[in-house]
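J.: One structure is given below, represented as structure tokens, and several questions about it will come after.
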Amino acid sequence: MKNIVISLVCLVVLLFCSSSNKDDTVVGTYHSPESSTLNKLRYGMFALGLKLELKKDSTYFYSTCAQTSNGKWSVRKNNLILKCKEIRFINDSINQIERFSKGKICGGDLVFEIQDKKLIRLEKLQNGKEGKFILLKN
């Protein structure tokens with residue numbers, strides 16, 4: 001009986017020691033794939049010029065061709081959740097307009113599915129088509 005208890009304790013300790021923290025594995029810098037024929041065949045249509053930096057302190061910086069945003073990130077199950085704190089336009093003259101001067105109001109959370117070293121988000125666009133946002137870890 002004593003051997004069984006010791007074995008179970010050792011097994012539990014091993015499981016806790018060997019399990020990786022999902023939050024630690026997603027920390028880093030991600031970019032959208034380059035525009036190439038191979039990537040178009042691999043991913044279909046996808047957004048270009050995206051960059052996401054996930055920092056260890058659970059803050060992030062996300063940039064697209066038109067905007068930058070920052071805030072806090074977290075991982076829930078197999079999803080990365082970005083909670084926006086501030087959005088700014090890349091074109092600084094737009095930021096001078098009074099209603100945008102304090103940053104654009106953030107919408108809902110951005111949710112990406114975590115797939116190995118990829119982050120993928122599908123979004124319904126205004127034209128009814130589906131937009132694909134793919135970020136690859138460097």
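The values are calculated or read from the model by the stated rules, or taken from the named source; none is laboratory data. Remember, it's a predicted structure, so these values are computed and weren't measured experimentally. Here the Cβ is made from the backbone with ideal geometry for all residues, glycine too, and neighbour counts use every protein chain on show.
J.: Quick test of your reading of the structure: residue 94 fulfils all but one of (1) of a type in the set (Val, Ile, Thr); (2) assigned to a strand (DSSP E or B); (3) over 15 Å from the mean Cα position of the chain (by Cα). Name the failing condition by number.
T.: (2)
J.: Would a scan of segment 86-94 turn up a residue that is of a type outside the set (D, E, K, R), buried (at least 16 other Cβ atoms within 10 Å of the Cβ), in contact with a strand residue (DSSP E or B) (Cβ under 8 Å, 6 or more places away or on another chain) and closer than 16 Å to residue 25 by Cα?
T.: No, the conditions are met nowhere in segment 86-94.
J.: Of all residues in segment 108-122, how many are more than 20 Å from residue 41 (Cα to Cα) and touching a strand residue (DSSP E or B) at 6+ places or on another chain (Cβ under 6 Å)?
T.: Result for segment 108-122: 6.
J.: Further question: Scan segment 124-138 residue by residue and report those that are modelled with pLDDT of 90 or more and either out of contact with any His (no Cβ under 9 Å at 6 or more places or on another chain) or of a type in the set (Ser, Thr, Tyr) (or both).
T.: 132, 133, 134
J.: Which one of the conditions (1) touching a Pro at 6+ places or on another chain (Cβ under 9 Å); (2) closer than 15 Å to residue 137 by Cα does residue 55 fail to meet, given that it meets all the rest?
T.: (1)
J.: What are the residues in segment 118-128 that are surrounded by 10 or more Cβ atoms within 10 Å (Cβ to Cβ) and over 11 Å from the mean Cα position of the chain (by Cα), if any?
T.: Once the filter is applied, which keeps residues that are surrounded by 10 or more Cβ atoms within 10 Å (Cβ to Cβ) and over 11 Å from the mean Cα position of the chain (by Cα), segment 118-128 yields 122, 123.
J.: Tally the residues that are hydrophobic (A, V, I, L, M, F, W, C) and outside any strand (DSSP E or B), restricting the search to segment 30-75.
T.: The number of residues fulfilling the criteria is 9.
J.: Step by step: first the residues of segment 1-39, then only those that are more than 16 Å from the chain's Cα centre (by Cα) and modelled with pLDDT of 90 or more, then the one that is surrounded by the fewest Cβ atoms within 10 Å (Cβ to Cβ). Which residue is that?
T.: Restricting to residues being more than 16 Å from the chain's Cα centre (by Cα) and modelled with pLDDT of 90 or more, the top hit is 37.
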